[in-house]
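The values are calculated or read from the model by the stated rules, or taken from the named source; none is laboratory data. Keep in mind the model is a prediction, meaning the values are calculated, not measured. In this analysis, Cβ positions are derived from the backbone assuming ideal geometry, glycine residues included, and neighbour counts consider all displayed protein chains.
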Amino acid sequence: MKRFWNKKKVMLATGFALLVAMPFLIISEKRLPMLTDNTLNPYPEPEDLAASYIQKASENYFYREFPQASENYRKALAIYEERKDIHHVATTYNSLADLYVWAREPEEAEKHYLLAAQYHAKIPDRLGQADSIKELADLHMELENFKKAEQRYIESLNLLKDGKANRVLGSVHESMGHMYWKANRIPLAIASFTHARDTFEALHYNLGVEHMTNVLNRLNKIPNTRHNHALRGPSDSEDYAIH
């Protein structure tokens, strides 16, 4: 009899445990399809064909499948050109240029940044144009072609000469600061980072203001300042050629 009651207690305990666990098992079962989805983007493919190619290219880009990404960007580009959608032509050329930067093909990157800038100019979109030129300057800076980089940064600033604070203006000044810092032209680096800080302040971009303040503190050698700031760029990435 004692053994019977022990057995019954075990059965009751097991049944209670299964009852408690059942909702969680059901939820887990419902979630299984998501767990087996290995795609980067679980959202449905866009109905627009060009947007679909852009989504595929972005996924290829993420996985460093550069040849496939280039092919999909160009398929989207052909559609945008046929539609005379200049804005998307410009942004797609810019994406291709970014792709070539990471694939370590600087000549192709330069060509496509310039194409992006030309199409931005047709709209006209000065911010987009200035941003593409700034990206080209960044490329020259990373390659330590400081003279060409400086020329392109100045060109970008000239497109923004109305002086209105905007994100591109701030990023150009910040990038110029990196260039001058990398070239060991510290007074000019300080001036550029100061312009960047003031622009970010006008935009109420507090994170940018804090970052620029920390960099300036370090460059001005203010005591008790610690800011381990690294220069940006894909220099440590692997070689990927697009054919």
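Summary table
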| item | result |
| --- | --- |
| Filtered residues of segment 140-154 (kept if buried (at least 22 other Cβ atoms within 10 Å of the Cβ) and either assigned by TED's automatic domain parsing to the domain that holds A97 or of a type in the set (A, V, I, L, M, F, W, C) (or both)) | M141, A149 |
| P33 loosely packed, with under 10 Cβ neighbours inside 10 Å, modelled with pLDDT of 50 or more and outside the structural domain of A130 (by TED's automatic domain parsing) | no |
| Residues satisfying the stated conditions in segment 100-153, i.e. in a helix (DSSP H, G or I), of a type in the set (A, V, I, L, M, F, W, C) and either in contact with a strand residue (DSSP E or B) (Cβ under 7 Å, 6 or more places away or on another chain) or more than 27 Å from W181 (Cβ to Cβ) (or both) | L115, A121 |
| Tabulated pairs, segment 155-167, first surrounded by 10 or more Cβ atoms within 10 Å (Cβ to Cβ), second among the polar types (S, T, N, Q) and part of a helix (DSSP H, G or I), C-beta under 7 angstrom, 6+ apart or interchain | L159/Q129; A165/T199 |
